[in-house]
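Engineer: There's a structure below that I have some questions on.
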Amino acid sequence: MEVGAGLVGSAGAAPAAAMGFDLSVSERWASSSLGLEGRADLPASVSAGGGSVEAQLLFAELVPCLRRGLFGACALLAAGAEEAEGVNLRAGRHLTTFFAGAGARALADLPIGRFGPASPPAGGPDSTEGDGLSLRLWLDLLAPVARTALYVGDAEVWSSPTLSGTLGLALVARFP
């Protein structure tokens, strides 16, 4: 079992580049893994109509991966909510819409330490056996199933692109 906590930076998921947080739990085998993650982006905004419009994503992802040594290639299935709000606008309101997306991830695990026995795992230093800590770096491309558009009056101020990108860095602990 692996558990992780990290930071993400994304472009295309909100009206401006956004930072956020990621929590994960997964089961890993020699050549594959299956994970469940939760992500919360901080609000990002764009100026509009004398105020601003801000949005943020909150969602869970199912993350099945093919693994080879320290590297992985994954599919992403996401579902959650996109929240948007008009700030300092005459008729500003808060809106929550359903979010779903599908995409792909490339990742690398960089081992940084062990908290088990001092000897290396039986499979060598790149083995997935045993317990330890690693830094996980990943790049996601995610396509929303339905696109979101934000308006001030009749003017569209932002709409989600067909693809968003996320760069993440997490501390991951692996337990045997």
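Engineer: Name the longest site-free stretch of the chain, where the excluded sites are trypsin sites (Lys or Arg not before Pro) in a DSSP loop with no more than 16 other beta-carbon atoms within 10 Å.
Structural biologist: By the stated rule (loop sites, at most 16 other Cβ atoms within 10 Å), 1-89.
Engineer: Compute the label zone of Ala155 within region 49-75: residues whose backbone N is under 19 Å from the point 7 Å along Cα-to-Cβ.
Structural biologist: 49-55
Engineer: Right, something else. Name the residues of region 146-176 whose amide N is less than 17 Å from a point 7 angstrom out from the Cα of Leu139 along the C-beta direction?
Structural biologist: Only 163-170 pass the distance filter.
Engineer: State, to one decimal in nm, how far the label point of Trp29 lies from the label point of Phe115, with both points 7 Å from Cα in the Cβ direction.
Structural biologist: 2.6 nm
Engineer: Express in nm, to one decimal, how much length is gained between Met19 and Met1 on full extension, taking 0.36 nm for each residue of separation and deducting their alpha carbon distance.
Structural biologist: Full extension from Met19 to Met1 adds 3.8 nm.
Engineer: Which longest uninterrupted range of the chain lacks any chymotrypsin sites (Phe, Trp or Tyr not before Pro) assigned by DSSP to a loop state (not H, G, I, E or B) and surrounded by at most 11 other Cβ atoms within 10 Å?
Structural biologist: No qualifying site falls inside 30-114, the longest such stretch.
All of the numbers you see were taken from the coordinates with simple rules; none came from a lab. None of the values given here were measured: they were computed from a predicted structure. Virtual Cβ from ideal backbone geometry, glycine too; neighbours counted across all protein chains shown.
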